[in-house]
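The values are calculated or read from the model by the stated rules, or taken from the named source; none is laboratory data. Computed from a prediction, not measured in an experiment: that's the story for all the values here. Ideal geometry is used to build each Cβ from the backbone, glycine not excepted, and the neighbour counts take in all protein chains shown.
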Amino acid sequence: MTDHQSIVEGTPLIRPSSTDHPLYDDVVGACRTVFDPEIPVNIYDLGLVYTIEIDAENAVEIIMTLTAPGCPVAGEMPGWVADAVEPLAGVKQVNVQMTFDPPWGMEMMSDEAKLELGFM
């Protein structure tokens with residue numbers, strides 16, 4: 001095994017979010033206005049938003065997934081998220097990326113989402 005492989009294997013699959021940034025809570029709130037059309041729960045509480053990264057210039061990068069790779073709105077969902085976040089005061093720009101690594105699982109849902117969907 002090379003040094004490069006061990007570094008890659010030790011990297012968390014989900015990058016940490018900029019939770020201490022002043023815009024973080026507003027961005028989360030905007031993400032909570034976007035719903036998966038097949039499930040009556042917002043994408044944030046479903047656990048579809050993996051990372052919200054905000055840099056010093058207030059550019060927002062969101063890494064998200066879908067409940068299934070074949071989701072019929074796969075092509076549209078990043079645009080919905082960008083449209084929700086971009087108008088926030090202070091946000092310079094928004095880039096939404098889709099990933100399926102790691103794949104989404106029910107354990108990623110918030111307790112509120114699990115309750116809403118009858119899993120608790």
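Worth pointing out:
- Residue count for the stretch 26-45 under the criterion of being of a type in the set (D, E, K, R), farther than 19 Å from Pro87 by Cα and out of contact with any Asp or Glu (no Cβ under 8 Å at 6 or more places or on another chain): the result is 2.
- Being assigned to a helix (DSSP H, G or I), modelled with pLDDT of 95 or more and not small (Gly, Ala, Ser) holds for only one residue in Val91, Val96, Val60, Val81, and it is Val81.
- Residue within the stretch 39-53 that is touching a residue at least 60 places away in the same chain (Cβ under 8 Å), under 28 Å from Phe119 (Cα atoms) and among the β-branched types (Val, Ile, Thr) present: yes
- Of residues in the stretch 33-48 being more than 10 Å from the chain's Cα centre (by Cα) and of a type outside the set (Asp, Glu), the one modelled with the lowest pLDDT: Pro37
- For the stretch 10-30, the condition holds for at least one residue, the condition being that it is modelled with pLDDT of 95 or more and among the β-branched types (Val, Ile, Thr).
- Here is the figure for the stretch 105-120: residues that are surrounded by 12 or more Cβ atoms within 10 Å (Cβ to Cβ) and either of a type outside the set (A, V, I, L, M, F, W, C) or within 30 Å of Ala56 (Cβ to Cβ) (or both) total 5.
- Single unsatisfied condition, Cys71 versus (1) of a type in the set (A, V, I, L, M, F, W, C); (2) farther than 18 Å from Arg32 by Cβ; (3) more than 12 Å from the chain's Cα centre (by Cα); (4) loosely packed, with under 13 Cβ neighbours inside 10 Å: (4)
- The set of residues in the stretch 99-117 that are closer than 17 Å to Phe35 by Cβ and either assigned to a loop (DSSP other than H, G, I, E, B) or touching a residue at least 60 places away in the same chain (Cβ under 8 Å) (or both) comprises Trp104, Met108, Met109, Ser110, Glu112, Ala113, Glu116, Leu117.
- Check on Ala30, in a helix (DSSP H, G or I), over 21 Å from Arg15 (Cα atoms) and in contact (Cβ under 8 Å) with a residue 24 or more places away in the chain: no
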